[in-house]
1. List the relative contact order of the chain as a percent without decimals, with contacts defined as Cα pairs under 8 Å and 6+ residues apart.
2. Could you list the square roots of 5 times each eigenvalue of the Cα gyration tensor of the stretch 16-69, that is, the equivalent ellipsoid semi-axes, sorted largest first and rounded to whole Å?
3. Once you put a point 7 Å from the Cα of ASP17 and another 7 Å from the Cα of LYS156, both along the Cβ direction, what distance in nm separates them?
4. Find me the longest stretch of the chain that has none of the exposed trypsin sites (Lys or Arg not before Pro), where exposed means in a DSSP loop (not H, G, I, E or B) with at most 15 other Cβ atoms within 10 Å.
5. Express as a percent, rounded to the nearest 5, the fraction of DSSP beta bridges in the stretch 81-171 (both residues included) that run antiparallel.
6. Using 0.36 nm per residue, how much length does the chain from GLU76 to GLU40 gain when fully extended, once their Cα-Cα distance is taken away?
7. Kindly express, to the nearest 10 degrees and within the range 0 to 90, the angle between helix 154-171's C-alpha long axis and the longest C-alpha principal axis of the chain.
8. Which FRET efficiency, nearest 0.05, do GLU97 and GLU147 yield, Cβ-Cβ r, R0 25 Å?
Amino acid sequence: MSLKPQADFCQDGVTADERVRRHANPGASLLAVLHAIQDEAGYIPADVIAPLAQAMSLSRAEVHGVITYYHHFRSEPPARVTIQLCRAEACRSMGTETLAAHIEGQTGCRFDVGHAGHSGRAASVELESVYCLGQCALSPAMTINGELHARVTPQKFERLYEAARANAEDLA
């Protein structure tokens, strides 16, 4: 039985060492490198932590600590449909909490509790609360798979959600 981790390749076929070589350039900050890795892979694969720590003369604990401290970084592949709903004051005043309940009812998921509806490579839906998308005058605001939407009503959400689900299935 081998004690060596089996995660030599990330899901996109790129080795952890190659991913680190691509992004851990001299003078680059750890945050910049982590953002670049996540932009490329969709998340921070666990197998990049050791080579990244070595390349940046840090401990694995330091790299892991940064990844887990900042809510933006993921350590798992993202869901096929990721919905971020603004829960800040301007959006709250325009009904985002009612919209949140509607979204939970439509998706069968809850906000901020991880992925749901596992199917294949990644979970199918994830709901995240965010606190300001810069659309206060057009609230309530949300993103679906990174695409910004404003003045979202329950009916508009249903159309956007169905389109995102259809697109995710086309890509699967």
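Read-outs: derived from the displayed coordinates by stated rules, not from any lab. Since we're looking at a predicted model, the values are computed, not measured. Glycine also receives a Cβ, built like all others from the backbone with ideal geometry; neighbour counts cover every protein chain displayed.
1. Values: 226 pairs, mean separation 30.7, N = 172.
Relative CO of the chain lands at 18 percent.
2. Values: eigenvalues 37, 33, 22 Å².
Working through the eigenvalues yields semi-axes of 14, 13, 11 Å.
3. A separation of 5.1 nm, rounded to one decimal place.
4. With trypsin sites (Lys or Arg not before Pro) excluded where exposed in loops, the chain gives 1-109 as its longest stretch.
5. On the way: 10 of 17 bridges.
Roughly 60 percent of the beta bridges in the stretch 81-171 run antiparallel, per DSSP.
6. Details: separation 36, 0.36 × 36 = 12.96 nm, distance 1.34 nm.
Net length gain for the segment: 11.6 nm.
7. 30 degrees
8. Values: r = 22 Å, r/R0 = 0.89.
The value I calculate is 0.65.
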